[in-house]
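Visitor: Got a structure for you, written out below as structure tokens; questions coming shortly.
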Amino acid sequence: MGVSGCGKSTIARELSKHLKVPFFDADSYHPQENIDKMSDGKPLNDEDRASWLEILSENLGQWEADQGAVLACSALKEKYRETLSKNVEKVHWVYLDGSYELIMNRINQRKGHYMSGRLLESQFQALEIPQYGIHVDIDQSPEEIVDQIMSNMEIKKSEFGVFGLGVMGSSISLNVADKGYELSVYNRAEGGEEHVVDEFLSANSEYKNIHGFTDLKAFISSLSRPRKMLIMIKAGPTVDLVLNQLFPLLEKGDIVIDGGNSHYMNTKKRFELAREFGIEFIGAGISGGEEGARKGPSIMPGGTRESYQHVSQILESIAARDDFGKTCCTYIGPGGSGHFIKMVHNGIEYVEMQLLAEIYALLSKQMNYEEIATLFKDWNDGPAYSYLLDITIRILEKKEGDGYLLDLILDKAGNKGTGSWSSKAAFDLGIPNTMMSSAVFARYISSFKETRVEMALEKGAGKNDSTLKIDLKSLEKAYNFGRLINHQQGFKLMESASKVYGWDLNFSEIARIWSNGCIIKSHLMNELHEEFKTKQDLFQMNTVLEVLNKDEKSVKDILSNALDQRLSMHCLTASYQYWIDMTSSRLSANLIQAQRDFFGAHTYQRIDAPESEYFHTNWL
């Protein structure tokens, strides 16, 4: 409500979109004689408005009985408002307040409206400002006005909030809403994202429990205490910018969850910053891509156990379920532990993808794509099942026209850094993580496409006359061998971090929540879930050692075949070398240590002396 020209219709239309109820303009219900009178520049009196108000009152009763409505109506006097509300039980009055000068300027700018500026003075004279309802200054953008109204309405507060409506944020929002929670969603309305919230609400209008905001304060106000919100934005400096905006607006005990792929050390810093404001901060790794976010991801939350308890019901309700019906979300540990294991998850993922790429390269020398897909299906029906093997089958079968789409894809692999983070963490912790590093470097090498083409042409590389056939059983064994070493290195990296940072990680639970919802889900994860209940190292597991010992020859044969065909096998080679080293009682490192002592006097230990003793030789 408000005088003509204050923006009632504009605001009411936008508000109706947010509330998902119809919009009506009271001016559309004026009898013709009222319109003629106003067109002649004559103001309406109480008698003129009487029948008009009665019609609106009857309609309001019907609208309330249906689903509610937003009505734009001047309702200048208290007795007009009494007439309007007599047939309804609940009314939210919103008064749009503005100066005479501002509104006159707006009226003079609009075209083709029967209410001219000449009648504005009479409207102000008749206006009786209500002493109730929501009062909003119109000297703001329509978006800000709507957000202010939404935050002040006496509606049920949202139980959860999602900040950021990108692909993952939108999918998780719908996942939360599907579980019946009242949900507030926020996205900025600038930088090309002006219509993100409106488009999201419009595309999902059937959800009456989702409330959209572009004003940050209004978004925060819409959440019940303690506020619980999930940030779904690109990892990096943007997260810090957002938190610097958020923390001062929140109150002690509120909980902020970073669901992006943030580096675990940054999460640790943000955890400490949040504490300064009395805010609870959780770094949650979320895996599963768009489909997982929508239908059930694997979630890895790290922070205080107390803060996790406040959000556990929501997070566990939207997560995937394992084979026993348990949620694929569990408390990981303090600080940045959640993001650390998500980082390792991605490192394992890099290797699993590279292993499949290497096997595809080898098989494509003697089989077509349909034959490779058929072989992979046989593998996937057994213990080797994994999500990545499953999607590889679909990729191999995908056609475009008469050919295969895979043949049209440029052989340059991208990366977002999480794989290299795992390698850097391994360097920092002193843990051999050769397969992840090899997978990352394989992607780096692929990016040098032009150089590779030039070198191939100049050197005549790539030509070979090998007719050596691959033994498919040996290949399957080699693939499983590489996967076991990959998981061994990944879990050893987590074990080292757990000890250094005091996280006390539960590897059985980590394997369990990775058994579904995430990119590296597989039957192997179910096996490791059981094995980790009694062992902390894959090399301590009898079933694993038996396979590795038995299949070593198969790996050697496959690598020999690949070399004969001049095919690089980054990760399979790394797995084999790691196994050789870890099962060798003596390595060539004695020479390296002698060299270090020669040029740097770094000393060395002797096999014929206690380990506590160190020696130095004057080699010259």
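The numbers here are math on the coordinates, done by the rules we state, and not lab data. Fair warning: this is a prediction, and the values are worked out from it, not measured in the lab. So basically every Cβ, Gly included, is an ideal-geometry build from the backbone, and we count neighbours across all protein chains shown.
Visitor: Can you give the relative contact order of segment 561-620 as a percent, counting alpha carbon pairs under 8 Å and 6+ residues apart?
Guide: So the answer I get is 18 percent.
Visitor: Go through H310, F247, I172 and say which Cα lies farthest out towards the positive end of the charge dipole of segment 156-335; charges sit on Cβ, +1 for Lys and Arg, -1 for Asp and Glu.
Guide: H310
Visitor: Given N266, H529, A601, which one lies farthest toward the positive end of the charge dipole of the chain, if we put +1 on the Cβ of every Lys and Arg and -1 on the Cβ of every Asp and Glu?
Guide: A601
Visitor: Would you please report the Å³ per residue occupied by the convex hull of the alpha carbon atoms in segment 314-397?
Guide: Output value, Cα hull per residue: 115 Å³.
Visitor: What is the extension gain from N618 to N542, computed as 0.36 nm multiplied by their sequence separation minus the C-alpha to C-alpha distance, in nm to one decimal?
Guide: 22.7 nm
Visitor: Rounded, prolate or oblate: pick one for the chain, where a ≥ b ≥ c are the square roots of the eigenvalues of its C-alpha gyration tensor, a/c under 1.5 means rounded, and failing that, prolate if a/b is larger than b/c, else oblate.
Guide: prolate
Visitor: For the residues D322, D147, D597, what sequence is obtained by ranking on other C-beta atoms within 10 Å, fewest first?
Guide: Ranked by crowding around the Cβ, least crowded first: D597, D322, D147.
Visitor: Give me the dipole magnitude in Debye, nearest 20, for the chain about the Cα centre, with unit charges on the beta carbon: positive for Lys and Arg, negative for Asp and Glu.
Guide: That gives the chain a dipole magnitude of about 1380 debye.
Visitor: Where in the chain are the DSSP H helices whose alpha-carbon span along the long axis reaches 20 Å or more and whose Kyte-Doolittle mean is at least 0.5?
Guide: In the chain, the long hydrophobic H runs are 337-363.
Visitor: Moving on to the next point. What pairs in K326/K424; K326/K535; K90/K252; K234/K398; K17/K42 have C-alpha atoms more than 29 Å from each other?
Guide: K326/K424; K90/K252; K234/K398; K17/K42
Visitor: In debye to the nearest 20, how big a dipole does segment 8-148 give about its Cα centre with +1 on each Lys and Arg Cβ and -1 on each Asp and Glu Cβ?
Guide: 240
Visitor: Considering only DSSP beta bridges where both residues belong to the chain, give the percentage that are antiparallel (nearest 5).
Guide: 25
Visitor: Size of the dipole of segment 177-242 about the Cα centre, Lys and Arg at +1 and Asp and Glu at -1 on the beta carbon, nothing else charged, in debye to 20?
Guide: So the magnitude is around 440 debye.
Visitor: Loop-only chymotrypsin sites (Phe, Trp or Tyr not before Pro) in segment 569-620, please: DSSP not H, G, I, E or B, and at most 12 other Cβ atoms within 10 Å.
Guide: Within segment 569-620, the qualifying chymotrypsin sites (Phe, Trp or Tyr not before Pro) (loop, at most 12 other Cβ atoms within 10 Å) are Y614, W619.
Visitor: Here's a follow-up. Please report T434, T10 as a ranked list, fewest other C-beta atoms within 10 angstrom at the top and most at the bottom.
Guide: T10, T434
Visitor: Also: Among M353, S515, V544, whose Cα lies farthest out toward the positive end of the dipole of the chain, if unit charges sit on the beta carbon of Lys, Arg (+1) and Asp, Glu (-1)?
Guide: V544
Visitor: Using modelled amide H (1.01 Å from N, peptide plane; none on Pro or chain starts), what sits under 5 Å from the amide H of K365, excluding residues fewer than 5 places away?
Guide: Residues meeting the criterion, in which the H sits 1.01 Å from N, do not exist here.
Visitor: At q = 0.10, 0.12, 0.13 Å⁻¹, what base-10 log of I(q)/I(0) does the Debye formula yield for segment 189-306 when every alpha carbon is treated as an equal point scatterer in vacuo?
Guide: Log-scaled intensity ratios, in q order: -0.33, -0.49, -0.58.
Visitor: Moving on to the next point. Given H placed 1.01 Å from N in the peptide plane, which residues other than close sequence neighbours of G212 have an amide H under 5 Å from its amide H?
Guide: Placed amide hydrogens put V185 under 5 Å from G212.
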